[in-house]
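Report on one structure; see the data block that follows.
The values are calculated or read from the model by the stated rules, or taken from the named source; none is laboratory data. A quick note: this is a predicted structure, and the numbers were derived from the prediction, not measured. All Cβ positions, even for glycine, are placed from backbone atoms using ideal geometry, and neighbour counts span all protein chains on display.
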Amino acid sequence: MATGLFSSTAAKLVAAAGLAALAASATAVLAGPNDNKLVVDGKEYVTKLPGPEGGPLKTIYSGWNFRNEATQAMQLDDFDNPGFVNVETGEQLWSAVDGEAGKSCASCHNDASESMKGVRAQMPKWNEKAGKPLALEQVVNACRETNMKAKPWKWESNEMLSMTAFIGSHSRGMPVNVKTDGPMKEWWQKGKDIYYKQVGQLDMSCAGCHEQNFGNMIRADHLSQGHINGFPLYRSKWQKLGSAHRRFKGCMKNIRATPYKVGGDEFVALELYVASRGQGLSVETPAVRN
Ligand code: HEC
Ligand code: HEC
């Protein structure tokens, strides 16, 4: 039974890779995660840990373990990590006055290395005022609009990516730790439903690739478990930083599905669920991928 399921998924994988002619010999090349360690400034990050009992993954691996050494090398040293340009921009924006209230983030939150420590690891997080979980981008914009009387930043703008990279850098090395109980439960379930729902012309789900086929090659790419502990991250294909929602959107387009809206409830629910699958992995923001 499992074999049949695998080969039909494998055929879809091949189709997704645009290599329909090879569908007959669909069993993709198995090339598991590598065991290279992520150590930055002498600090070792958790990129591999046992999955929770009864969960779908026996071992949880960061996307790090699926990248080749050339890509990994860029993440081993902050000077070589192109994402740090944004971290520096974010640091400048942190203390830049903007908006009618005449305030900067620093006016209220002071030293980000104190006040923002661990924040990224818990996102998306329940927000009482909004009555729903908010992603980091939404919290930043809520502060801009309400507390600074400033214009919200666009989700994928350089300003937003720089700010979320800067805030995220203060959680580096800390374990992903999202809440999934209480009022979050319903959102987590909604995210889970999206994760397992087969969609698009290829009729595939996130799980079809990132749960059932991680380790396999698709096009020239090595399929990971699709965790988001490194976001926002620098991707050489994008030549810039990108958000988790941008990645979700790209993955949905690849299976020729209509993506949900970036910043919309569906993607926030999906972000929460995907984050929970990587619970315990170290935050790597800003990670480097290809
Ligand atoms: C006028 C004061 C004020 C300003 C200015 C302000 N904030 Fe906030 N911010 C708050 C308050 C109040 C909260 C909610 C209480 C809390 O969690 O600290 C908050 C919460 C947050 C959180 C969530 C923290 C958590 O633990 O979940 C983030 C992230 C954040 N702000 C980022 C920013 C950024 C980035 C800026 C600048 C673009 C900014 N804030 C500007 C007052 C402010
Ligand atoms: C046809 C296979 C396929 C499907 C279906 C798919 N993805 Fe992906 N995804 C990829 C490939 C290929 C990559 C790039 C290599 C990697 O990191 O896995 C990727 C990368 C990612 C990453 C980046 C991981 C990292 O560490 O940088 C995330 C997050 C992700 N996908 C989430 C999703 C979500 C959520 C869904 C469902 C909406 C989904 N993917 C559906 C193929 C797929």
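Any residue at all in the stretch 80-102 that's touching a Phe, Trp or Tyr at 6+ places or on another chain (Cβ under 9 Å) and small (Gly, Ala, Ser)? Within the stretch 80-102, one or more residues are touching a Phe, Trp or Tyr at 6+ places or on another chain (Cβ under 9 Å) and small (Gly, Ala, Ser). Restricting the stretch 67-98 to residues that are in contact (Cβ under 8 Å) with a residue 40 or more places away in the chain and of a type in the set (Gly, Ala, Ser), the residue that is nearest to Ala275 (Cα to Cα) is Gly83.
I'd like the residue in the stretch 47-100 that is among the hydroxyl-bearing types (Ser, Thr, Tyr) and in a loop (DSSP other than H, G, I, E, B) and, out of all such residues, is farthest from Glu284 (Cα to Cα). If we take residues in the stretch 47-100 being among the hydroxyl-bearing types (Ser, Thr, Tyr) and in a loop (DSSP other than H, G, I, E, B), then Ser95 is farthest from Glu284 (Cα to Cα).
Selection of first residues in the stretch 215-226 that are farther than 12 Å from Leu13 by Cα and of second residues that are of a type in the set (Val, Ile, Thr) and more than 16 Å from ligand 1 (Cβ to nearest atom), restricted to Cβ pairs under 9 Å at least 6 apart or on distinct chains, gives the following pairs, ordered by first then second residue: Gln225/Ile60; Gly226/Val274. If you filter the stretch 193-221 down to residues that are modelled with pLDDT under 95 and within 6 Å of ligand 2 (Cβ to nearest atom), you find that the one that is farthest from Ala73 (Cα to Cα) is Ile218.
Pick from Ala101, Ala135, Ala142, Ala150: which is free of Cβ contacts under 8 Å to residues at least 24 places away in the same chain and either near ligand 1 (Cβ under 8 Å from one of its atoms) or under 16 Å from Ala275 (Cβ atoms) (or both)?
Ala142
Among the candidates Val274, Val288, Val268, Val199, the residue that is within 16 Å of ligand 1 (Cβ to nearest atom) and either crowded, with 24+ Cβ neighbours inside 10 Å or outside the structural domain of Asn127 (by TED's automatic domain parsing) (or both) is uniquely Val268. Which ones in the stretch 110-132 are of a type outside the set (Ser, Thr, Tyr), assigned to a helix (DSSP H, G or I), more than 10 Å from ligand 1 (Cβ to nearest atom) and over 18 Å from Asn229 (Cα atoms)? Once the filter is applied, which keeps residues that are of a type outside the set (Ser, Thr, Tyr), assigned to a helix (DSSP H, G or I), more than 10 Å from ligand 1 (Cβ to nearest atom) and over 18 Å from Asn229 (Cα atoms), the stretch 110-132 yields only Glu114.
Return the residues of the stretch 202-212 that are within 20 Å of Lys249 (Cβ to Cβ) and not in a helix (DSSP H, G or I); say none if nothing qualifies.
Restricting attention to the stretch 202-212, the residues satisfying the condition of being within 20 Å of Lys249 (Cβ to Cβ) are 202-211.
Scanning the stretch 202-212 gives Leu202, Asp203, Met204, Ser205, Glu211.
The single condition from (1) within 14 Å of ligand 2 (Cβ to nearest atom); (2) aliphatic (A, V, I, L, M); (3) surrounded by fewer than 21 Cβ atoms within 10 Å (Cβ to Cβ) that Met184 fails is (1).
Of the residues making up the stretch 117-132, those that are out of contact with any Ser or Thr (no Cβ under 8 Å at 6 or more places or on another chain), away from ligand 2 (no atom under 16 Å from the Cβ) and in contact (Cβ under 8 Å) with a residue 40 or more places away in the chain are Gln122, Lys125, Trp126, Lys132. Considering each residue of the stretch 153-166, count those that are touching a residue at least 40 places away in the same chain (Cβ under 8 Å) and either in contact with a Cys (Cβ under 9 Å, 6 or more places away or on another chain) or part of a loop (DSSP other than H, G, I, E, B) (or both), and give that number. Going through the stretch 153-166 one residue at a time, the tally reaches 3. No other residue among Asp203, Asp221 is under 26 Å from Asn81 (Cα atoms) and over 16 Å from the mean Cα position of the chain (by Cα) apart from Asp221.
Only residues that are of a type in the set (Asp, Glu) and either within 16 Å of ligand 2 (Cβ to nearest atom) or under 17 Å from the mean Cα position of the chain (by Cα) (or both) were counted in the stretch 133-155, giving 1.
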